[in-house]
1. Filter segment 79-93 down to the residues that are loosely packed, with under 15 Cβ neighbours inside 10 Å and in a helix (DSSP H, G or I) and list them by number.
2. Which of the residues belonging to segment 222-256 are of a type in the set (A, V, I, L, M, F, W, C), closer than 15 Å to residue 186 by Cβ and modelled with pLDDT of 90 or more?
3. Any residue that is charged (D, E, K, R) and either in a loop (DSSP other than H, G, I, E, B) or in contact with a Leu (Cβ under 6 Å, 6 or more places away or on another chain) (or both) - is there at least one of those in segment 223-235?
4. Please work out which one of (1) farther than 19 Å from residue 138 by Cβ; (2) not in a helix (DSSP H, G or I) is the condition residue 183 fails and give its number.
5. So which residues in segment 200-216 are part of a strand (DSSP E or B) and closer than 11 Å to residue 236 by Cβ, if there are any at all?
6. Take segment 120-161 and flag every residue that is in a loop (DSSP other than H, G, I, E, B) and among the β-branched types (Val, Ile, Thr).
Amino acid sequence: MGCCSSKRANSKASRVSRWRSTGIVALRDSKLKTFPDEVFDLDRSVRTLDLTHNRIVDIPVDISKLINLQRLMLADNLIERLPINLGKLQSLKVASLDKNRITTLPDELGQLVKLERLSVSENLLTSLPETIGSLRNLVLLNVSNNKLKSLPESIGSCFSLEELQANDNSIEEIPAPICNLVHLKSLCLDNNDLKQIPPNILRECRSLQNISLHNNPISMDQFQQMEGFQEFEVRRKKKFDKQIDSNVMIGSKGLDEGVDL
């Protein structure tokens, strides 16, 4: 028994030493129900924390100790809520929280001013906090497969946003400030309840190359009559021509993918 205990202790010490030297804590598919306590002893050393595909229910408040954390990967767990002190992770750039049981996002999310990629698909969200508009460096937002009926007006303040995925919700309208997103390239809203979209979106979102509105009560005629449609078509075709020239494989939707109604 003493020998086995010694080996486990040495193995644990070796693992912690490796985490400290690399800054990467990777424990995917480890059947964990809680965060390992030794992770928090590393505090400033941790840059990537990957606990994907475990059985974790709660994120401990001690996570705020990881002040240099840049990548938080917690997809495919059983998490129901996020601690409010998550906002103290001021270095965080990527947060993957897909496939959990999260019902709300705290207002403190807006404090993550360096966040570039946020993915919370396949959860139980009914709304997004208005503070999301403080995420000025956000490039990707994925909120697909939730229970959203709307998007916050403040989404129009996420000035760096290039890709917004909100498929498979119950969204009935898109807030007009979304037209402020001049860097937006892809807008995916399949399987919602949209009857119309902001009339200026094709003209104002001058980087938009792909918009997907499959299975919404909006017609192609409505879309084609929108101001800026011709310019959008030019951008869309240019994008796919470039992909073909680069020998990029095109999916089953082919060239219609850029405007899927």
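The values are calculated or read from the model by the stated rules, or taken from the named source; none is laboratory data. Treat the numbers as computed from the prediction; the structure is a model and nothing was measured. Every residue, glycine as well, gets a Cβ built from its backbone with ideal geometry; the counts of neighbours run over all protein chains shown.
1. 84, the sole residue that qualifies.
2. Scanning segment 222-256 gives a single hit, 232.
3. yes
4. The failed condition is (1).
5. Those that are part of a strand (DSSP E or B) and closer than 11 Å to residue 236 by Cβ: 210, 211.
6. Answer for segment 120-161, where residues must be in a loop (DSSP other than H, G, I, E, B) and among the β-branched types (Val, Ile, Thr): 120, 126, 139, 143.
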